[in-house]
1. Quick check on the stretch 248-270: of everything there that is over 20 Å from residue 211 (Cβ atoms) and surrounded by 14 or more Cβ atoms within 10 Å (Cβ to Cβ), which residue is farthest from the chain's Cα centre (by Cα)?
2. Quick one: which of 243, 202, 194, 272 is under 20 Å from residue 88 (Cβ atoms) and either at pLDDT 95 or above or of a type in the set (A, V, I, L, M, F, W, C) (or both)?
3. Of the conditions (1) of a type in the set (A, V, I, L, M); (2) free of Cβ contacts under 8 Å to residues at least 40 places away in the same chain; (3) surrounded by 15 or more Cβ atoms within 10 Å (Cβ to Cβ), residue 37 satisfies every one except a single condition; which number is it?
4. Would you confirm whether or not the stretch 207-230 contains a residue that is surrounded by 19 or more Cβ atoms within 10 Å (Cβ to Cβ), among the basic types (Lys, Arg) and out of contact with any strand residue (DSSP E or B) (no Cβ under 6 Å at 6 or more places or on another chain)?
5. So residue 126 passes all but one of these: (1) closer than 16 Å to residue 55 by Cβ; (2) buried (at least 24 other Cβ atoms within 10 Å of the Cβ); (3) not aliphatic (A, V, I, L, M). Which condition number does it fail?
6. Conditions first: (1) surrounded by fewer than 20 Cβ atoms within 10 Å (Cβ to Cβ); (2) part of a helix (DSSP H, G or I). Residue 96 passes all but one, so which condition is the exception?
Amino acid sequence: MWLDGLYMGSPIYAEWQHYFSDSTTSTNKQQSWDDIAYQFKTIHQYTYNAKEQLNYHAWSANPTDANSFWANQQAPFLGASKEFWGRGMGWYFAALVDVLEYLPKTHKDYPAVLKIYNQVAEGLKRRQDKTSGVWYQLLAYNAATKADGKGDVVNGKRYNTGMQPNYLEASCSAIFTYAYLKGIRLGLLDTKTYLPVARKAYNGLLKTFIKENGSKTDIIQICASAGLGPAKDPSRTGTINYYLAGKDVGITKNEGKAIGTFIMASVEYENYLKNK
C-alpha cells in the first residue's frame, strides 16, 4: 500500500457510494463504507510514526518479497518504507478530506477516519516551513539535508549518486493547502488553529512557486515522480538519496500534479475569500 494509492481509489469510491448507493442493498452499502474506512485504518496503523507525526510513504505486508526490497525488515515499522515523502502525504491528506465529505457521520468508523485526518493535519502543521509557508520534498528535513553523492547499493550496483539538496516542493505544498482549506470549510478542522496555516501556505505557493514569464505563468520546483520498487527497478529504494537524486525524481516545472493541485487549492481559497 502506498499513501498516494489511497487517493486513486477511495474518494471516487466514496463519492459513488454517496450518489448512487441507493441502487445497492443496505448490506452492500455497509460493506462498501466499511471497506473505504478499512483502507485508511490499515495504512495508518503501519505507516504512522507518532513521534514524528508523519506517515512513511508505503507499507508492504510481505517485506521479504523481492518487490519490497525498499521496506524495513524489522520492527517497530516492519514493512514500512524509510522516509516521509511530501506528495505521498499530500494525496493521503486529500483522500482523507475527500472521503470525510461523504462518509456518513453515523458510520462506526467515522470517528477513526476523522482522527487520522486530524493527526495528519497536526503533523504537517509542525513541518510547515516558517519562512516560506510551504513544505519540503522530504518532510522531516530542511535544506541542510542532501543526497550524499555515494548513492545506494542494490544487488551490487550503485544508484542515486547525485548531491541534490532537499527543496521546497510545489505539488505537496499545493495539495496540503487544498486539504487544509477544504477541511476548514467542512468543519473538520479547528479554524483558529489551522486557518493561519492555510493562509500562509497559499500565500507561500504564490511567492515561492508561481512565476510570471511574459504572457505565461509557470509553476516551478515540482518533483517529477517517485515510487518504490518493484524488483525490476532497483533504483527506487525509498532512501533520502532516491527522493532527492533518483533517476525518475528530477525537479521540473508545469507538471500536471502541481497544476491540478494548485487549481484545487485556489478554488478552495476563493471559496474562503467569498465566505469569510
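The values are calculated or read from the model by the stated rules, or taken from the named source; none is laboratory data. Keep in mind that what you see is a predicted model, and the values were worked out from it rather than measured. Because the Cβ atoms are built from the backbone with ideal geometry, glycine has one as well, and the counts that use them run over all protein chains shown.
1. Among those residues, the one meeting the criterion is 268.
2. One residue alone meets the criteria, 243.
3. If we test residue 37 against (1) of a type in the set (A, V, I, L, M); (2) free of Cβ contacts under 8 Å to residues at least 40 places away in the same chain; (3) surrounded by 15 or more Cβ atoms within 10 Å (Cβ to Cβ), just (2) comes out false.
4. no
5. The single condition residue 126 does not satisfy is (2).
6. Exception for residue 96: condition (1).
Residue by residue, here is whether (1) surrounded by fewer than 23 Cβ atoms within 10 Å (Cβ to Cβ); (2) free of Cβ contacts under 8 Å to residues at least 24 places away in the same chain holds:
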residue: 30; (1), (2): yes, yes
residue: 41; (1), (2): yes, no
residue: 47; (1), (2): no, no
residue: 57; (1), (2): no, no
residue: 62; (1), (2): yes, yes
residue: 68; (1), (2): yes, no
residue: 88; (1), (2): no, no
